[in-house]
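A short worksheet on the structure shown next.
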Number of protein chains: 4
Amino acid sequence: MQTVTTVAILGASGYAGQETLDRALSHPELEVVAMGSDSLAGSSASALDVRLNGSLPGFVENDEAAAAGADLIFLCLGNERAASFEPPPGAVVVDLSGAHRLHETELYAQWYGFEHPRPAAVASWSYALPELWPPAGPLVANPGCYATAAILALAPLREAIDPASVVVDAKSGVSGAGRELKASSHAGFVLENVSPYRVGTHQHAPEIAQALGFPVCFVPHLLPVRRGLLVTCYVQPSGPDLRVLLGEAYAGSHVVRVLPEGVSPELGRVQHTDFAELALFDDPATRRAVVVCALDNLGKGAAGQAMQNANLVLGHDETLGLRLAGVLV
Amino acid sequence: MQTVTTVAILGASGYAGQETLDRALSHPELEVVAMGSDSLAGSSASALDVRLNGSLPGFVENDEAAAAGADLIFLCLGNERAASFEPPPGAVVVDLSGAHRLHETELYAQWYGFEHPRPAAVASWSYALPELWPPAGPLVANPGCYATAAILALAPLREAIDPASVVVDAKSGVSGAGRELKASSHAGFVLENVSPYRVGTHQHAPEIAQALGFPVCFVPHLLPVRRGLLVTCYVQPSGPDLRVLLGEAYAGSHVVRVLPEGVSPELGRVQHTDFAELALFDDPATRRAVVVCALDNLGKGAAGQAMQNANLVLGHDETLGLRLAGVLV
Amino acid sequence: MQTVTTVAILGASGYAGQETLDRALSHPELEVVAMGSDSLAGSSASALDVRLNGSLPGFVENDEAAAAGADLIFLCLGNERAASFEPPPGAVVVDLSGAHRLHETELYAQWYGFEHPRPAAVASWSYALPELWPPAGPLVANPGCYATAAILALAPLREAIDPASVVVDAKSGVSGAGRELKASSHAGFVLENVSPYRVGTHQHAPEIAQALGFPVCFVPHLLPVRRGLLVTCYVQPSGPDLRVLLGEAYAGSHVVRVLPEGVSPELGRVQHTDFAELALFDDPATRRAVVVCALDNLGKGAAGQAMQNANLVLGHDETLGLRLAGVLV
Amino acid sequence: MQTVTTVAILGASGYAGQETLDRALSHPELEVVAMGSDSLAGSSASALDVRLNGSLPGFVENDEAAAAGADLIFLCLGNERAASFEPPPGAVVVDLSGAHRLHETELYAQWYGFEHPRPAAVASWSYALPELWPPAGPLVANPGCYATAAILALAPLREAIDPASVVVDAKSGVSGAGRELKASSHAGFVLENVSPYRVGTHQHAPEIAQALGFPVCFVPHLLPVRRGLLVTCYVQPSGPDLRVLLGEAYAGSHVVRVLPEGVSPELGRVQHTDFAELALFDDPATRRAVVVCALDNLGKGAAGQAMQNANLVLGHDETLGLRLAGVLV
């Protein structure tokens, strides 16, 4: 007999929360029972989006949503807030923040700007990128958007490239910076502009380094695009055929697609989906290989992957609730 | 007594031609006497822009414009067309195409897709990037837009970096591809998209290699931006302080500006200007340096630099006619 | 016993064709058996989109696709081409072009630029906008994108407004102009721009006039947006409460939504969906009412509505295959 | 003997202030002696833009800038702040806010949300739109951006149209809303979106009504564009030829241009300039005329017009310092 899984979303009114809610509503086995939001607590669901109607619960404080007894909790909170979250016993929790990603918890001070309040607890969470490392338990640290793209592109090639050669040039749409109001998200700054930011200090750099086993030079740029990102990874091959390795890594995936030779990944093609796409190019002049990955930062880079991880923990088909239906979006 | 320099613009109806015309019209010592255009020959100037009025000559065939006896000719033609151009004796000619940039003329077949029709003539043209290599004579090969940015960023550092380490990740607005109609310039493709193109085969790669003395891994990307470009260059330092070298190279320039530490170049800030801006960042984790250059592909990357070169050949102040007035654009 | 409906799409490689294909692939009761395309005939499906795989038939000539014996044919051809199409006996045909919309067939010369080749046949087609006028038979003339929005906004109010007062100011993304390459679709023209076009001569004007029973002043504008449109309709109320009329017209609809008072339609909210949203505002200073409708020109304005119409003819739930799942896109 | 005019800019770090500063720096007869800013007081000029260097004074408090004894003061403050400003004796003051535009000062409560603190003083200010009503004294109320466009389009036609018929549908880039951080200026809202706002309540409506002598139905929309606006005005002609009236009104202007028949105004063409362009279209089906005006909201819609007004008061050529040089931008 099928029983429905109840869901609470904390931080449901941010971009990641809203996208997680969207997937939960499309998921045949989930029922949203609590939505937490500091800014919208006390409001009905339609305060977030006029299309959300009376069948949904209204917004409550995040603490109240956490205590609602849901089987499955999505944490879409800020990093520091999520770091002090205590998982209710028995619940499956998928944390979309960075609070449980770095095993060396002393790194939080440098890269996240706060001392981790519960360092001993981090080991209970598994860093889960389904195609490479499925969740190992009910507490899941969902990878960062840039990190997902860089790791999908590079992890299968680890043994076949020179670690010291790796450069990751990343470009993201503005939703990557969240719904919070800041000068760098003002459309007067974003439109007809592109610029690098947080060079050498972005918190996804140590996450990528942890996953690959070596540091990479990672530089993110902000694009005049609503959502989606693309990373261009430069590597010096040192061993087996990279195309074969990449193809093998994702041969069975319904989510990650290696494109045929000569076809470029396009941010626009993965936008509004939970797909990721990868391509490999050669630069004969410098004997480098270039691996490019495109995905939607709110899809495979956040809510899509969070739902994929939740499905794996719960024993569902990993694509339930994901935006993969049809082929065009 | 001041005598006016007469100007002919060939290919005046393309983006580079139109921008060159704009600067020529702002230049106190130049008079436009002929405008060539295959598509607009026979039309009045207002066919190109409704703001251009009766004081300008109408469009004629490019051959007729070339034969108009102008003192100064700007070639804004396609590469192959420009390659077969025979400069009239005595004229100053600035070629904005790639037809006279590569000294090893046998490279044209591979990178430009045609055998150079006048290979022996290429040596008469000087590749001129004013801040580094001013024109050596009346025939000027104006650098490519991406190449200008990459060379401004890297040439001053040549002796202080490991050549094998250099990666140039470039991002350009759509005007870089010209006014010609093609699928990749259709707004339905460009908007909310970004993708790499011509990986390992772009014709600015050998131009950069020639200028630096070694090949670099160069990957261009198309942005949903009208004009402007930004290159992010990754290098392994091997010698003297890069910041000092960069500062010295452009200390006296009115066109190229090295930004203070911590300030990022922004495509939006140089858009519609003839400025270029540069910044240097460190990535402690990989001990790499990142040099970023932003410029307008139609400004310092084409028409602005062409006018700067023309001014230098003619003995004018190099900034006459350039878009540098005021500070904000 | 459920039997599958076979589908042929003519003009499958244009925007409307591709979107129709997307919905057909999501539709549980449809099977695509033929895809016609002049430009891609002979290519596999992946030539259109790399995500389309071997389970789909390759592209054939449009005539061949028409003759494939499909139960349901979507005509996504140009207007003139569609006008000479002869429906195979027994087939359901939904024409997304304008070829069968105008009952006064002599209007085609003026508004579409060609004499209708089969004027007597037009009467066999029913102009079907499901919420107002469901299909009356197997041959369906699917409304135009702008016309759909203007009619949804105005048709329910016909008896309660002064016909002479009506102004329809329309704004559309670039996909409304199709995938064809033209100067006005070049991203160098579209980005950071907006301008009116075809003032007084757009072919959706007579279509709106036919539906409402009186002419309206209709001016379309091109936006720097990939897809989606918004119409702002200005009317002088003359009778019953407009809000009540509008609410009643769409009370039961799963596709068209009247927003609560004070909430503005947003192109971005309906983009990539098959929803339309409507809102009514008052302008006390002039005692006018303003009715605004937003929809995706390729969704409710083309392929979504075409599928809705096909479902109604075939007796399916009208939302099968439509992009209405979830609430957020 | 030429004496330089000293200038103070209050609110210099907002969009309008920054653009005014840009024009003042290009103006041969002006010298900027004080820049006021609440947010940047105490910082050097480069805090606003890295290109501003040491020859400029640093930012001070707005009150201090007001007291600096400048000959010419530009008020780029918020509406309420500007309303309580007391002009220093002898100074020329151009107020870019709405604080001195409405002669019926009791309207401020309704349209601006505050009681005017100095209602008796408003009569000392002249509402100056140079092509129609040049400044009448040293205190100038500079028109609003939307109002400028609507008035340029409609004022010359006042006697030849039915006042009750007038509809003004306006579309603006995001800089129209200022640099302040708000949800509707967040790029995640602005990109790939368009929506109407403040229908029936925008403060430029009474300003237009005052200038024309009758109310119009005015609806503004927000575009995914950095700067620039376009208004589409619908009118019922009732008298003399509108094209003649429009042509006569701007026959001698260097700033406002009536386009030839059949040419559409384009926001992109006036962006970054101080030009305005106008065109007239007929809609035969409804016998309406459509007058379209495009201008840059920060140029002719704010700083450009402010400088034009200042020039007129000071007896300079009205185009000094304006962005009209060259023909292309």
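The values are calculated or read from the model by the stated rules, or taken from the named source; none is laboratory data. Just so it is clear, the model here is predicted, and its values are computed rather than measured. We place every Cβ from the backbone using ideal geometry, glycine too, and count neighbours over all the protein chains shown. Ligands, DNA and RNA are stripped out before the accessible areas are found, and what is left, the full protein with its side chains, is counted by its heavy atoms. Shrake-Rupley method; radii C 1.70, N 1.55, O 1.52, S 1.80 Å.
The figures follow:
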quantity: Matching residues in the stretch B:134-169 - criterion: being under 12 Å from B:GLN305 (Cβ atoms) and open to solvent by 10 Å² or more (accessible area, probe 1.4 Å); calculated: B:PRO134, B:PRO135, B:CYS145
quantity: Residue satisfying all of: in the stretch C:1-39; of a type in the set (Asp, Glu) and away from every other protein chain (no Cβ under 11 Å); nearest to C:GLY315 (Cα to Cα) among these; calculated: C:GLU29
quantity: Residue ranges of strands (runs of 3 or more DSSP E) in the stretch B:242-319 with at least 2 members under 22 Å from A:GLY188 (Cβ atoms) and within 10 Å of another protein chain (Cβ to nearest Cβ); calculated: B:276-283, B:288-295
quantity: Scope the stretch A:225-241; condition open to solvent by less than 10 Å² (accessible area, probe 1.4 Å) and on the phi < 0 side of the Ramachandran plot; matching residues; calculated: A:VAL225, A:LEU229, A:LEU230, A:VAL231, A:THR232, A:CYS233, A:TYR234, A:VAL235
quantity: Residue satisfying all of: in the stretch B:205-219; within 16 Å of B:TRP133 (Cα to Cα) and assigned to a helix (DSSP H, G or I); nearest to the other protein chains (Cβ to nearest Cβ) among these; calculated: B:ALA209
quantity: Filter pass, C:SER238 being more than 10 Å from every other protein chain (Cβ to nearest Cβ), in contact (Cβ under 8 Å) with a residue 24 or more places away in the chain and more than 25 Å from D:VAL291 (Cβ to Cβ); calculated: yes
quantity: Evaluation of A:ALA279 against (1) open to solvent by less than 10 Å² (accessible area, probe 1.4 Å); (2) in contact (Cβ under 8 Å) with a residue 24 or more places away in the chain; (3) of a type in the set (Gly, Ala, Ser) (one fails), failing number; calculated: (2)
quantity: Any hit, the stretch C:115-124, residues being open to solvent by 20 Å² or more (accessible area, probe 1.4 Å) and touching a residue at least 60 places away in the same chain (Cβ under 8 Å); calculated: no
quantity: Failed item, numbered, when C:GLY137 is tested on (1) in contact with a Lys or Arg (Cβ under 6 Å, 6 or more places away or on another chain); (2) more than 8 Å from chain D (Cβ to nearest Cβ); (3) assigned to a loop (DSSP other than H, G, I, E, B); calculated: (1)
quantity: Among residues of the stretch B:32-81, those that are open to solvent by 40 Å² or more (accessible area, probe 1.4 Å), more than 21 Å from B:ASP95 (Cβ to Cβ) and not in a loop (DSSP other than H, G, I, E, B), counted; calculated: 2
quantity: Only one of C:ALA249, C:ALA211, C:ALA183 that is free of Cβ contacts under 8 Å to residues at least 40 places away in the same chain and not aromatic (Phe, Trp, Tyr); calculated: C:ALA183
quantity: Any hit, the stretch C:260-271, residues being touching a residue at least 24 places away in the same chain (Cβ under 8 Å), touching a Lys or Arg at 6+ places or on another chain (Cβ under 9 Å) and open to solvent by 20 Å² or more (accessible area, probe 1.4 Å); calculated: yes
quantity: Hey, C:ARG179 more than 19 Å from the chain's Cα centre (by Cα), open to solvent by 10 Å² or more (accessible area, probe 1.4 Å) and not β-branched (Val, Ile, Thr) or not; calculated: no
quantity: Condition broken by A:ARG23, with the remaining ones in (1) modelled with pLDDT under 95; (2) over 17 Å from A:GLY178 (Cα atoms); (3) open to solvent by less than 20 Å² (accessible area, probe 1.4 Å) satisfied; calculated: (1)
quantity: Test for D:GLU207: is it open to solvent by 10 Å² or more (accessible area, probe 1.4 Å) and out of contact with any Asp or Glu (no Cβ under 9 Å at 6 or more places or on another chain); calculated: no
quantity: Of all residues making up the stretch B:1-16, the number that are surrounded by 16 or more Cβ atoms within 10 Å (Cβ to Cβ) and either within 17 Å of B:ALA91 (Cβ to Cβ) or among the aliphatic types (A, V, I, L, M) (or both); calculated: 9
quantity: Which numbered condition A:TRP133 misses (of (1) more than 26 Å from A:ALA34 (Cα to Cα); (2) over 16 Å from the mean Cα position of the chain (by Cα); (3) free of Cβ contacts under 8 Å to residues at least 12 places away in the same chain); calculated: (2)
quantity: Only one of A:VAL92, A:VAL32 that is touching an Asp or Glu at 6+ places or on another chain (Cβ under 9 Å) and of a type in the set (A, V, I, L, M); calculated: A:VAL92
quantity: Qualifying residue in the stretch C:109-126 (condition: charged (D, E, K, R) and within 14 Å of chain D (Cβ to nearest Cβ)); calculated: no
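A quick yes/no check of all residues on (1) away from chain A (no Cβ under 12 Å); (2) modelled with pLDDT under 95; (3) not in a loop (DSSP other than H, G, I, E, B):
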| position | (1), (2), (3) |
| --- | --- |
| B:GLY176 | yes, yes, yes |
| B:PHE189 | no, no, yes |
| B:HIS221 | no, no, yes |
| B:ARG226 | no, no, no |
| B:LEU230 | no, no, yes |
